[in-house]
Amino acid sequence: MDQQKLRLLESYCIQEEAPACIAACPMHMDVRLLLRQLRDHDMDGAFKTYRKSIPFPSILSRICEEPCQKKCRLSEIGEGISIRALESFLFSRSNSSALPTMLPQKNKKVAFLGSGLDALAAAYDLRRKGYITKIYEPASSAGGFLKNVSETILPSQIIDDTCSLLIKMGIELNLSQHTTGSSALQIIDSGKFKIQDDEFICVYISGNLEINRIDQITRMTETSGIFGGTAAPESWIEQAADGRRAAISMDRYIQNVSMTASRSDEGSYETRLFTSLTSVPPSHTFIRNSQTIPDEDTAIQEAARCIQCTCMECAKGCEFIRHYEAYPRVYLRQVYNNVSICTGLRQKNNMINSCSVCGQCESVCPNKLNFHDVIRETRQTMVETKKMPPSAFDFALRDMIFSNSDAFMVAKSPEGHKVCSFVFFPGCQLSASNPAAVEKVYALLLEKFSDSTGLLLRCCGIIADWAGEKEKFQQARNELLQEVESLGNPELIVGCPGCMQTFRNFYPALKIRSLWTILDQMDIHSKQHETIQTFAIHDPCGARYQPEVQDAVRSLAKKIGIQLEELPLNRDQTSCCTYGGNAWNANRSLSDAAVDALAAENPHDYLTYCAMCRDFFLKRGKNAYHILDLFFDPERIISGKAMPRPDYSMRHENRSRLKKHLLKKYWSEEMNASAPYEKIKLFISEEVRSVLEERMILVEDLQQVLYQTLETGNRMVNAQTGHYLTHATPGHVTYWIEYLPKNDGYQIFTAYSHRMFIEEAN
Ligand code: SF4
Ligand code: SF4
Ligand code: SF4
């Protein structure tokens with residue numbers, strides 16, 4: 001990903017855009033923060049927030065026209081927050097005579113002709129920046145049109161107090177001066193301006209200039225160095241904002257830097273921030289009279305109505321996004337830095353490897369930000385540049401290698417046929433999880449398609465793609481295509497939604513059909529089961545873009561007597577169980593949290609159609625079924641009997657046994673001889689077995705280590721327990737086993753693994 005692409009993708013994520021209220025406020029007061037502070041009883045913090053953006057709280061908390069309230073998103077479903085009344089409340093309990101912080105004085109002078117609200121605001125801002133600031137006002141009191149506001153709304157005493165504060169700040173306020181109007185200005189040779197006997201670098205003329213004489217971005221007139229407000233401004237808060245805009249320009253003018261750069265977000269604008277109001281109930285203001293100051297309880301109640309507008313649609317269903325406590329715009333930058341800049345520790349490796357690459361974020365994002373492709377490409381770059389930690393996806397990749405080895409792989413036409421019209425492709429994990437169901441489906445397909453259905457057992461290769469291993473994926477893909485070709489290019493009947501998705505994305509020439517639509521059309525269970533049980537249906541992320549599969553499974557469930565409830569995010573927006581992207585392999589605590597959150601969405605047992613989703617739910621204690629569990633054993637619908645969950649070792653054994661059994665049953669063939677280490681018999685208690693599962697150590701890993709130990713005789717004895725200790729490194733990982741011989745095999749007491757290389761002395 002280059003800088004240009006990074007910026008483009010960052011622009012899709014609008015999470016950092018201002019909420020509607022802040023965008024509508026010409027001074028961009030942080031309304032959201034202020035309301036949060038007020039809600040949380042942090043009155044001083046809330047007033048500081050107000051004070052930070054608003055120059056004259058005593059005046060503007062009384063006369064601001066509240067464009068923020070009109071644009072507040074709550075006004076779309078009820079009433080917007082009464083923000084100005086809350087500002088009045090905060091001002092009423094503050095120390096109004098406190099001086100703002102100011103920079104040290106500079107030896108540079110600016111003048112103001114007139115003292116309308118715009119001029120006062122500009123003078124206030126420039127004085128805070130350290131300029132010597134002088135106001136010349138023809139009237140005997142300051143404030144311009146402010147003095148026309150009704151005394152009940154803005155007592156003149158408040159204007160006088162504000163002027164006193166400006167004087168305390170060091171602003172020179174000259175009243176009854178007959179120097180107003182541009183005719184009173186003298187431009188002297190140096191490009192400076194002379195008023196009376198003083199020279200100024202620039203001058204601001206308050207609110208009496210025609211609009212076409214002023215640049216709307218900089219507020220500079222056609223005469224360089226003279227700035228101004230507009231005649232008859234439409235709102236007080238706009239006037240104050242005009243003064244602020246001019247102050248920024250005057251400061252830049254004096255410093256001789258661009259007056260137009262980065263000014264697009266000044267003044268009111270329409271925000272791009274998306275905030276869903278779907279689950280927000282309508283609410284109405286607690287403040288009925290906006291001219292009265294609410295009491296503290298009412299103010300807090302009103303502030304608590306704010307929904308703290310934000311996007312974060314992608315975080316609603318994704319534990320990964322929640323876990324790292326930010327959002328894709330931040331993650332994009334972190335990913336970019338991790339791969340492109342960082343030369344030392346790449347601290348975001350684990351973050352990059354923890355995404356499920358499932359595409360949910362793109363589906364729910366209002367701007368369709370495709371974050372999963374960024375993660376996918378980044379992992380590929382990490383592998384190519386040797387920045388991918390070897391341990392990241394090792395276990396998952398080894399599982400794929402197992403599936404595509406002689407231990408499981410089968411590509412066969414029905415007996416007596418060289419080629420076939422259809423071939424059943426159950427996928428590696430359905431075979432690992434429920435081999436009996438695979439066998440039953442195959443028998444059913446042979447029946448339906450008059451013996452013209454072959455069998456293809458292997459992994460589709462997506463594990464390698466998720467791991468960023470392009471070459472390994474290509475190799476798996478090529479092998480699979482060759483096998484399909486050797487069977488006469490039959491149509492694949494696919495029993496795993498993830499494999500379906502992989503074939504659609506990466507094998508465009510393959511003819512594929514979903515098992516679920518075929519089973520649905522068979523009408524096997526219609527009218528058989530009248531007892532209705534309710535399950536919540538979880539769509540696997542692999543089925544995200546397959547509405548026909550989603551429909552077929554729902555139809556099948558109905559036919560076998562199941563009533564379904566939908567999860568909050570379903571179908572194309574469904575959440576991943578973290579098998580996707582090998583995320584479970586890279587970050588197990590995050591994986592557990594994701595499954596727990598998903599499991600808590602509905603109290604009913606879950607029904608799904610991906611073997612891994614089922615097994616991940618079972619692992620976290622949520623009763624879940626694969627549709628085939630119930631299709632072939634409908635009694636479970638009524639009994640609610642949980643399915644057994646095979647552990648990692650059993651998943652290997654199930655696949656090998658399935659191959660062995662089907663070869664014998666349909667082709668009268670024996671499997672090739674197994675590896676010699678597989679003959680080693682192990683005695684492993686349930687307790688030790690769950691330790692092995694937690695540590696991702698397979699029974700066959702232990703068998704290989706013991707086989708090597710028997711060959712070399714190298715082992716140690718624990719003098720206290722009398723147990724033997726041995727180790728070996730059959731692949732990238734070193735395994736240690738504590739064991740004792742038992743009967744015709746070995747009792748395992750514990751095992752662990754690491755990736756350190758042990759150099760042994762003779
Ligand atoms: S859904 Fe997520 S990625 Fe999309 S704009 Fe919102 S926060 Fe950003
Ligand atoms: S709900 Fe709160 S954050 Fe959202 S627009 Fe209204 S005041 Fe602003
Ligand atoms: S896990 Fe899925 S939804 Fe979450 S960031 Fe990754 S691709 Fe997006």
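The values are calculated or read from the model by the stated rules, or taken from the named source; none is laboratory data. Since this is a predicted model, take the numbers as computed values, not measurements. Backbone-built Cβ (ideal geometry, glycine too); neighbour counts: all protein chains shown. Accessible surface is based on the protein model in full, side chains and every heavy atom, while ligands, DNA and RNA are left aside. Shrake-Rupley method; radii C 1.70, N 1.55, O 1.52, S 1.80 Å.
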Inset, instruction - Residues that are of a type in the set (A, V, I, L, M, F, W, C) and within 16 Å of ligand 1 (Cβ to nearest atom): find the helices (runs of 4 or more DSSP H) completely inside the stretch 1-104 holding 3 or more of those. - result: 3-12
Legend entry - Residues satisfying the stated conditions in the stretch 299-327, i.e. in contact (Cβ under 8 Å) with a residue 24 or more places away in the chain, more than 16 Å from ligand 2 (Cβ to nearest atom) and farther than 16 Å from ALA597 by Cα: TYR327
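May I ask you to list the residues in the stretch 111-133 that are part of a strand (DSSP E or B) and surrounded by fewer than 22 Cβ atoms within 10 Å (Cβ to Cβ)?
Result: ILE132, single match.
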Legend entry - Filtered residues of the stretch 14-29 (kept if buried (at least 22 other Cβ atoms within 10 Å of the Cβ) and either closer than 10 Å to PHE274 by Cα or free of Cβ contacts under 8 Å to residues at least 12 places away in the same chain (or both)): PRO19, ALA20
Legend entry - Lone qualifier among ILE188, ILE226, ILE254, ILE214 - being touching a residue at least 60 places away in the same chain (Cβ under 8 Å) and β-branched (Val, Ile, Thr): ILE254
Inset, instruction - Tell me which residues, restricted to the stretch 585-603, are surrounded by 24 or more Cβ atoms within 10 Å (Cβ to Cβ) and more than 11 Å from ligand 3 (Cβ to nearest atom). - result: ASN585, ALA586, VAL595, LEU598
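Given the condition part of a helix (DSSP H, G or I) and buried (at least 21 other Cβ atoms within 10 Å of the Cβ), answer yes or no: does some residue in the stretch 482-497 qualify? Talk me through it step by step, then tell me what you get.
Taking the stretch 482-497 and keeping what is part of a helix (DSSP H, G or I), we get 482-486, 497.
Next, only the ones that are buried (at least 21 other Cβ atoms within 10 Å of the Cβ) stay: 484, 497.
Yes, the stretch 482-497 has at least one match.
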Inset, instruction - Could you check SER354 against (1) open to solvent by less than 10 Å² (accessible area, probe 1.4 Å); (2) over 19 Å from THR578 (Cα atoms) and say which number it fails? - result: (2)
